[in-house]
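These notes concern the structure reproduced below.
The values are calculated or read from the model by the stated rules, or taken from the named source; none is laboratory data. Quantities reported herein were computed from a predicted structural model and do not represent experimental measurements. A quick note on method: Cβ atoms are made from the backbone with ideal geometry, for glycine too, and the neighbour counts reach across all protein chains shown.
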Amino acid sequence: MKKREAAKNPSESGLMEKIVSLAKRRGFVFPGSEIYGGLANSYEYGPAGVELKKNIQDEWWRVFVRERADMVGLDSSIILHPKTWEASGHVAGLVDAMVECKACHTRTRADHLIENHFEAKGEKISVEGKSEKELDEVIQQEKIKCPTCGKFDWTPVRKFNLLFETHVGIVPEAQSKVYLRGETAQGIFISFKNILDSTRVRLPFGVGQLGKSFRNEITKGNFIFRTLEFEQAEIEYFFDPEATDWKKLYEQWKGDMWTFVTGNLGVRADMLRWREHGDEERSFYSKRTEDLEYNFPFGFKELWGLAYRTDYDLNQHMKYSGTDLSYTDPASGRKFVPHVIEPAVGVNRLMAMVMLDAYTEDGERIFLKLPPRLAPYKAAVFPLLANKPALVEKAREIYADLQKRFPVAWDDRGNIGKRYYAQDEIGTPFCVTVDFDTLGEGEAANKNTVTVRDRDTGKQERVTMDKLTEFLHGKIYR
Ligand code: ATP
């Protein structure tokens, strides 16, 4: 069985192309607005994809919010007061440097253009923190050509803001300008006081939030890795820097993130690594920032960021709003502004990783080795033959029964082999077949039993119908 290896250059295996094709073929992810010719960097999540994404979200929420005594949840607005983004620094700072090819009008991020150029020469450089002028100099010195048309005729590098602007009300006046949120985290800071006042939380505690964020990204088209809109799962973990050792807390969060990815999402540890931000890359207010990176087919890239942001954000919102966001220690009466550690991840990026990591080839057979909890359907039910009413009726009964407990697929098209093939590609861990033995028309000892076929081993076993739900439930939610 060929499980993908941590290849030096994973793109060589064509894995990304295989995943993009499987995603479309099997209803995980479709190109955005396809019937209108497409909309760059946007995607639709199909019937299998929406289930997988939701299962990842549910797992995150269960592990980090529901099952922790020190966490609460929040669902803040996508459109916040515009001052939020001035205070957070996004209006001035959420910017990328861009160049445009004067010949073919391809727009590209200057940092990506330069980094790719050096990568092709076998050199690795980072241009993080460089000014427009410095980026221009590198492009000119290296005479970097347009990746689309091959010409060397660039506009000067210019910065552009990634926040999407829109207007509240029907008249687009300057006062009505608002932004679609560029991250979910700021909603947590601006609700901090209300959370303190309305709950019994005591430091240290965290607030978790799941929801859409929007960034006007120019990307290299790496599937759902970077898109215009995406689902974020962010936590602000508040603590008293005098009572809690931030370094210890930081390490705990690193451990929790690692366990989630390798345990709950079932991703291989040798495909992951931590990378610490250097002084140029790290925000000035952060004392430490590290990215958990996954070995995507286009190289190790950020999956999940972890930053110790000190008391910067709460202080900024205090300054811009004039509202006191400090915390009073109930025991000592000491008043102070809490510090935060922020683990921030994109669910779509987690999903891309999960699909890539689960992709398995076993000879002709292709299957997604998803942890059963994440699989879009936990089981599929088939009547052996679609034209035998007694088989169909019995299979329908079983299907309806299982559906009360978990999502189940139904298939009666084609032969059993084709049905297995389709379920393998969407990662269904178990296929249940009703045959003549089930009806008592074959092997007498097998009456009222069905075959259950395991996705990973391909092995089949007979299970009695009245034990089937418990049998599957035990294997799926173990
Ligand atoms: P990158 O360097 O990849 O642009 P970032 O450092 O700007 O990411 P953060 O602002 O730290 O990202 O956002 C937290 C997380 O949100 C990222 O680790 C990533 O998983 C996810 N994310 C950010 N931008 C996007 C996007 N455009 N599409 C999908 N996921 C995203």
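In this structure, does Leu370 turn out to be touching a Gly at 6+ places or on another chain (Cβ under 8 Å) and surrounded by 13 or more Cβ atoms within 10 Å (Cβ to Cβ)?
Details: touching a Gly at 6+ places or on another chain (Cβ under 8 Å): yes; surrounded by 13 or more Cβ atoms within 10 Å (Cβ to Cβ): yes.
Here the answer is yes, as Leu370 does meet what is asked.
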Considering region 33-48, residues that are within 16 Å of the ligand (Cβ to nearest atom) and among the hydroxyl-bearing types (Ser, Thr, Tyr), and then whichever is surrounded by the most Cβ atoms within 10 Å (Cβ to Cβ), we arrive at Tyr43
Out of (1) assigned to a strand (DSSP E or B); (2) within 14 Å of the ligand (Cβ to nearest atom), what's the single condition that is false for Arg273? (2)
Among the numbered conditions (1) touching a helix residue (DSSP H, G or I) at 6+ places or on another chain (Cβ under 8 Å); (2) of a type outside the set (Ser, Thr, Tyr); (3) crowded, with 19+ Cβ neighbours inside 10 Å, tell me where Ala395 comes up short. (1)
Among the residues of region 74-83, is there at least one that is closer than 15 Å to Thr184 by Cα and at pLDDT below 90? no
Conditions (1) in contact with a helix residue (DSSP H, G or I) (Cβ under 8 Å, 6 or more places away or on another chain); (2) polar (S, T, N, Q); (3) within 12 Å of the ligand (Cβ to nearest atom) -> Ser213 fails only (1)
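Condition check ((1) away from the ligand (no atom under 12 Å from the Cβ); (2) aliphatic (A, V, I, L, M)) across all residues:
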position: Leu292; (1), (2): no, yes
position: Phe296; (1), (2): no, no
position: Trp304; (1), (2): no, no
position: Leu314; (1), (2): yes, yes
position: Ser321; (1), (2): yes, no
position: Leu325; (1), (2): yes, yes
position: Thr328; (1), (2): yes, no
Pairs, first in contact (Cβ under 8 Å) with a residue 40 or more places away in the chain in region 405-431, second of a type in the set (Phe, Trp, Tyr) and not in a helix (DSSP H, G or I), C-beta under 7 Å, six or more apart: Pro407/Tyr377; Asp424/Phe367; Glu425/Phe367; Ile426/Tyr377; Gly427/Phe367; Thr428/Tyr377; Cys431/Phe382
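In this structure, does Gly417 turn out to be away from the ligand (no atom under 16 Å from the Cβ), of a type outside the set (D, E, K, R) and out of contact with any Leu (no Cβ under 9 Å at 6 or more places or on another chain)? Full working, then the answer.
Details: away from the ligand (no atom under 16 Å from the Cβ): yes; of a type outside the set (D, E, K, R): yes; out of contact with any Leu (no Cβ under 9 Å at 6 or more places or on another chain): yes.
Yes: the conditions hold for Gly417.
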Where residues in region 227-251 are in a loop (DSSP other than H, G, I, E, B) and among the hydrophobic types (A, V, I, L, M, F, W, C), which of them is farthest from the ligand (Cβ to nearest atom)? Ala243
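Restricting to region 342-365, count the residues that are part of a helix (DSSP H, G or I) and either away from the ligand (no atom under 16 Å from the Cβ) or of a type outside the set (Lys, Arg) (or both). Let's see the steps before the verdict.
Of all residues in region 342-365, those part of a helix (DSSP H, G or I) come to 347-358.
This time we only want the ones that are either away from the ligand (no atom under 16 Å from the Cβ) or of a type outside the set (Lys, Arg) (or both), so: 347-348, 350-358.
Matching residues across region 342-365 total 11.
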Failed criterion for Glu281 (all others in (1) surrounded by fewer than 19 Cβ atoms within 10 Å (Cβ to Cβ); (2) more than 10 Å from the ligand (Cβ to nearest atom) hold): (2)
Out of Ile170, Ile224, Ile188, report the one residue that is surrounded by 15 or more Cβ atoms within 10 Å (Cβ to Cβ), of a type in the set (Val, Ile, Thr) and either near the ligand (Cβ under 10 Å from one of its atoms) or at pLDDT below 95 (or both). Ile224
Would you say Asp466 is part of a helix (DSSP H, G or I) and out of contact with any strand residue (DSSP E or B) (no Cβ under 7 Å at 6 or more places or on another chain)? yes
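Restricting attention to region 385-404, does a residue exist that is of a type in the set (A, V, I, L, M), more than 30 Å from Gly442 (Cα to Cα) and in a helix (DSSP H, G or I)?
Our first condition is that a residue be of a type in the set (A, V, I, L, M); within region 385-404, this holds for 385-386, 390-392, 395, 398, 400, 402.
If we keep only those that are more than 30 Å from Gly442 (Cα to Cα) too, we end up with none.
No, that holds for no residue.
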I'm told Val201 meets every condition in (1) more than 16 Å from the ligand (Cβ to nearest atom); (2) without any contact (Cβ under 8 Å) to a residue 24 or more places away in the chain; (3) in a loop (DSSP other than H, G, I, E, B) except one. Can you identify the failing condition by its number? (2)
